[in-house]
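Enquirer: Right, I'll just put the structure down here and ask away after.
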Amino acid sequence: MGSVSPTPTIAVVIPNRNDSAFLTTCLESVLKQSVRPNQIIFVDDQSLDDSLAKARAKLDGVEGGIVLANASCLGTMKTLNEGLKQVTCDYVVFLASNDSLMDGMIEQAQSSIAKFGWPGVWSAMVWAADEHGQCRYIYPSPVIALKESYFSPEECICLALKLGNWFTGTTLVFHRESLQYIGGFDAEYRGLADLFAALTVSSLRGAVFCPQPLGVMRMHSGGYLWKTLTDLDNLEAILEKIEVRGFGLSPKLYTNQFCSRTRLRIRFAALRASCITVHRNWSGVQYRLVHAANSLLGAKSRLAVVLAFILLRPFDAAAFVKYRLFGMLWVMGHSLKSLGARPHISK
């Protein structure tokens, strides 16, 4: 990889339901990019507020602008797939309507994708913002390289086993045909669908990672991923489907070892989201110890979370230190120095 290819076209799909309060910021962050996307596709999922009117006003007359309204409430992932049906560009970003892009993100992705030979996915890091739009910190996702780098499908498979995930959805750019090849987003995976779509596509076509925060993700409780993780009965059914269906799409990725680690990683995430609630069907000494720690230390104790990590994910300890702690320290120092201050994203 590394030779310059033709410049790819990029679409942005914005799914929305009742997010009028944040929609103007989201849309303006896309419209004011240094290089505007070739398509901007807004898909409203039966909002009860004035989202649809705002989107139509903002995108009226915009080249490549499309505003769609679902005939019935489909839910997040099916709404994303409705948007994907309209995409004719080479690549596509799926941007939540309460999140936003940093200026230059589309230009950076476009240039990088051409440079590295059209990978399966391109991704960068994000700022975590409160509900008022104040960027509080760089979200601590794994830093797999200290400069923009391409990873082959084989390297992505190794990273998936070693880390589980290094993507942040706000800046995740998919190769459209590869995403369509795997069937788009599996709605039965609920809030985990975009993660496993990214892992699968990268295992087939490779990935590029950019260690810069180029998006803004609003942090709020009760989101779609949180609802998925705290519905423990359905979560176990989702994990079973991921193992079976994933193997059919990318057998080199969905090995027994990867699936076993994935199950433990997702269960740990569920424990954090549900305040260390252990599902009745989770058997083993490690879960009994987690339950005991919860009873002794309290559900919101950070020590209980650390103990749960050690008990469920000992295989991730070294990678956590290398890719999260050390990597984040480098990125934070570099980003704050170059930006001068945290960006502020208003409503």
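Enquirer: Just give me the residues in segment 247-261 being open to solvent by 100 Å² or more (accessible area, probe 1.4 Å) and either over 16 Å from R205 (Cα atoms) or hydrophobic (A, V, I, L, M, F, W, C) (or both), in sequence order.
Expert: F247, N256
Enquirer: Would you mind stating whether R265 is open to solvent by 50 Å² or more (accessible area, probe 1.4 Å) and assigned to a helix (DSSP H, G or I)?
Expert: In short, no.
Enquirer: I've got another one for you. Just checking, which of S20, S111, S100 is of a type in the set (S, T, Y) and buried (at least 24 other Cβ atoms within 10 Å of the Cβ)?
Expert: S100
Enquirer: Residues of segment 273-293 being part of a loop (DSSP other than H, G, I, E, B) and β-branched (V, I, T), which ones?
Expert: I276, T277, V278, listed by residue number.
Enquirer: Condition first: outside any loop (DSSP other than H, G, I, E, B), out of contact with any helix residue (DSSP H, G or I) (no Cβ under 8 Å at 6 or more places or on another chain) and surrounded by fewer than 17 Cβ atoms within 10 Å (Cβ to Cβ). Now tell me which residues in segment 23-57 satisfy that.
Expert: Of everything in segment 23-57, those that are outside any loop (DSSP other than H, G, I, E, B), out of contact with any helix residue (DSSP H, G or I) (no Cβ under 8 Å at 6 or more places or on another chain) and surrounded by fewer than 17 Cβ atoms within 10 Å (Cβ to Cβ) turn out to be A53, R56, A57.
Enquirer: Something else about it: Report, by residue number, each residue of segment 195-215 that is of a type outside the set (S, T, N, Q) and part of a helix (DSSP H, G or I).
Expert: Matches in segment 195-215: L195, F196, A197, A198, L199, V201, L204, R205.
Enquirer: What number goes with the only condition from (1) open to solvent by 20 Å² or more (accessible area, probe 1.4 Å); (2) part of a helix (DSSP H, G or I); (3) within 26 Å of F167 (Cβ to Cβ) that A270 does not pass?
Expert: The one condition A270 does not meet is (1).
The values are calculated or read from the model by the stated rules, or taken from the named source; none is laboratory data. Nothing here was measured: the structure is a model prediction, and the numbers come from that model. Every residue, glycine among them, receives a Cβ derived from its backbone with ideal geometry; neighbour counts consider all protein chains shown. Areas reflect the complete protein model, heavy atoms only, side chains present, ligands, DNA and RNA absent. Shrake-Rupley method; radii C 1.70, N 1.55, O 1.52, S 1.80 Å.
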